[in-house]
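Contents: one structure, followed by commentary.
The values are calculated or read from the model by the stated rules, or taken from the named source; none is laboratory data. This is a predicted model, so every value here is computed, not measured. Counting neighbours? That spans all protein chains shown, and the Cβs are built from the backbone with ideal geometry, glycine included. The area values use the complete protein model at the heavy-atom level, side chains included, leaving out ligands, DNA and RNA. Shrake-Rupley method; radii C 1.70, N 1.55, O 1.52, S 1.80 Å.
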Amino acid sequence: IPSSLIGTTVTAWGFLEKPKNLGNSMTFANLEGGNGPERIQILGRTEFNDDARRALRFTKPNSAVSVKGTLHWKYEAKDKNLGTPEEGTVFIQQVEIRLDSMRTLNTFARHLHPGAMTDPKERDIKIRFDKDLRERLKFRSDVAAFARRELSDFQEVETPILFKSTPEGAREFLVPTRNRGMAYGLPQSPQQYKQILIASGINRYVQFAKCFRDEDHRADRQPEFTQIDLEMAWADGEAVMRRVEQFVKALWGEFAGRGTIKSPLPDTPFTRMTYDEAMSKYGSDKPDL
């Protein structure tokens, strides 16, 4: 927060945490934005605006609200000699909003109880209170952003979702049209598109591609999934494997310790195995070693 805002009137929006009362003249609560640990304290006092203090006191926790007030240093911040810098920024934990008015934007449903939401229809609300779910979504977002930076030598091209049905191995989902007997197929994977793009002069293609397969669930397959899809022109198999290995090692190095990535990969080259060796020893072209 710019330190120049201290003493000015500000408006903040967020989810209201449970208010706490100190007698009948003071109520305070935290306001959090729903995207991380940052929260700011809202202070309502009778001498500021008693109607606003009462609104703060009796609004159901977790409701979405808009608050307006004056930005001040917290009393404890001054006590801790945190100071008032002449320029620069201040930490949000050092300041509070002294409440002038508050408006409820959306009241949290009375039948919902954080920590006890098991109905799948409430899973979207559960994300607000489940740190693990929030971290998984944040982790996936960070991986995708890093992957795009790491693969910046490839050109990202988005290909159509609706396509003509093609006779391949997996069964396709069909999307009916208004023309009787006519339907689109959803792509199992974008191979045809990327082959056309390579022939068209897009020498390095990448897409975070949506794929669909009308098949029963398996350990490594579900009806809808996303894959990072690459294609390289003017390259042999060795060049492709070397670039993918470089990417995977960079990914594991960046996110070691987060999600299911426990540690960076060793700097030694990936083990190679021929198709004949894999099939003769393990009966599979992708053995789990």
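Brief remarks on what is shown
- Among the listed pairs Lys68/Lys126; Lys121/Lys262; Lys164/Lys286; Lys18/Lys74, those with a Cα-Cα distance over 22 Å are Lys68/Lys126; Lys121/Lys262; Lys164/Lys286.
- Relative packing of 130-137, 23-30, which averages over residues the other C-beta atoms within 10 Å, highest first: 23-30, 130-137
- Area projected by the alpha carbon convex hull of the chain, averaged over all directions, nm²: 25.0
- Here the average projected area of the convex hull drawn through the C-alpha atoms of the range 121-184 stands at 8.4 nm².
- Per-peptide packing, taken as the mean over residues of other Cβ atoms within 10 Å, places 182-191, 227-236 in the sequence 182-191, 227-236 from highest down.
- Radius ratio Rg over Rh of the range 102-236, counting only Cα atoms, Kirkwood formula for Rh: 1.10
- Accessible-area composition of the chain, carbon plus sulfur, in percent [1.4 Å probe]: 51
- Take the Cβ atoms of Lys68 and Arg110, set R0 to 22 Å, and the FRET efficiency comes out at 0.25.
- Legend: calculated FRET efficiency, Ala199 to Ser101, from the Cβ-Cβ distance at R0 = 51 Å, rounded to 0.05, equals 0.20.
- Note on the chain: dipole from Cβ charges, positive end direction compared against Phe15, Thr59, Ala116; the farthest Cα belongs to Thr59.
- Among the trypsin sites (Lys or Arg not before Pro) found in the range 228-289, those both in a DSSP coil and sparsely packed, with 14 or fewer other Cβ atoms within 10 Å of their Cβ, are Lys262, Arg272.
- Working from the Cα coordinates of the range 171-244, the gyration tensor eigenvalues give, after taking √(5λ), semi-axes of 29, 18, 8 Å in decreasing order.
- Fully extended contour minus Cα-Cα distance, from Arg45 to Met182, at 0.36 nm per residue: 42.6 nm
- By definition, a body whose alpha carbon gyration tensor gives a ≥ b ≥ c is oblate when a/c is 1.5 or more and a/b is not larger than b/c, and the range 231-289 fits this oblate description.
- Contact order normalised by residue count of the range 212-289, Cα under 8 Å, 6+ apart, percent: 12
- For the range 37-76, backbone nitrogen atoms closer than 11 Å to the point 7 Å from Thr9 Cα along Cα-to-C-beta are found at 68-70.
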